[in-house]
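One structure below.
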Amino acid sequence: MLLNTPIGKLMTEDVIVIDAHDQLRDIVSTFNNHGIRHAPVVQSGRLVGMLSWIDLKKLPVSDVDGIMTSNGKIVASELMTREPVSVQTDDTLEELAEIFTENEFHAVPVLEGSRIVGIVSTTDVIKYFLYNAQ
């Protein structure tokens, strides 16, 4: 049954992470350069938050414009969602679906123990069902 599928089978493994001390202009560049909409935030290699385009869009335009052209000091730790929900590689698709339906976010970091090994989004879930439902 598809709902029993481990998250490790549908996650994106090449996860791009943001350091908690990265400045906004660098974060925007990372998102643009890698074509991502969500990224785990780490500090000393440990997951401390989650950042999305939606978080960045909440900033006043003047803040974004000013930081993109100056030496702004807003950093990821000020913008991120702290203590993000995460899943383990062996958690099931059913457990992930429950997380997504009970919350307003669209991506979660995937861990093996405390190490980030991937990210899984609602798009990953939709693609998995699209290509595996028969």
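Readers should treat all values here as calculations from the given coordinates under stated rules, not as data from a laboratory. Since this is a predicted model, take the numbers as computed values, not measurements.
Within a straight-line Cα-Cα reach of under 13 Å, Lys58 can be paired with the following aspartates and glutamates, leaving aside sequence neighbours fewer than 8 residues apart in one chain: Glu78.
Our helix-only sum for the chain, with -39,500 (n - 2.57) per DSSP H run of n ≥ 4 divided by its residues, gives a mean residue ellipticity at 222 nm of -10000 deg cm²/dmol. One entry in (i) 11, 39, 33, 14, 4, 0; (ii) 12, 32, 31, 16, 6, 2, 0; (iii) 12, 42, 30, 13, 3, 0 is P(r) over Cα pairs in 10 Å bins from 0, in percent calculated from the shown coordinates; its label is (iii). Counting only alpha carbon atoms, the long axis of helix 122-132 and the longest principal axis of the chain meet at about 30°. Counting only residues at least eight positions apart within a chain, or on another chain, the lysines with an alpha carbon under 18 Å from that of Lys57 are Lys73. The Cα trace of segment 1-51 gives Rg and Dmax of 13.5, 44 Å, the first to one decimal, the second as a whole number.
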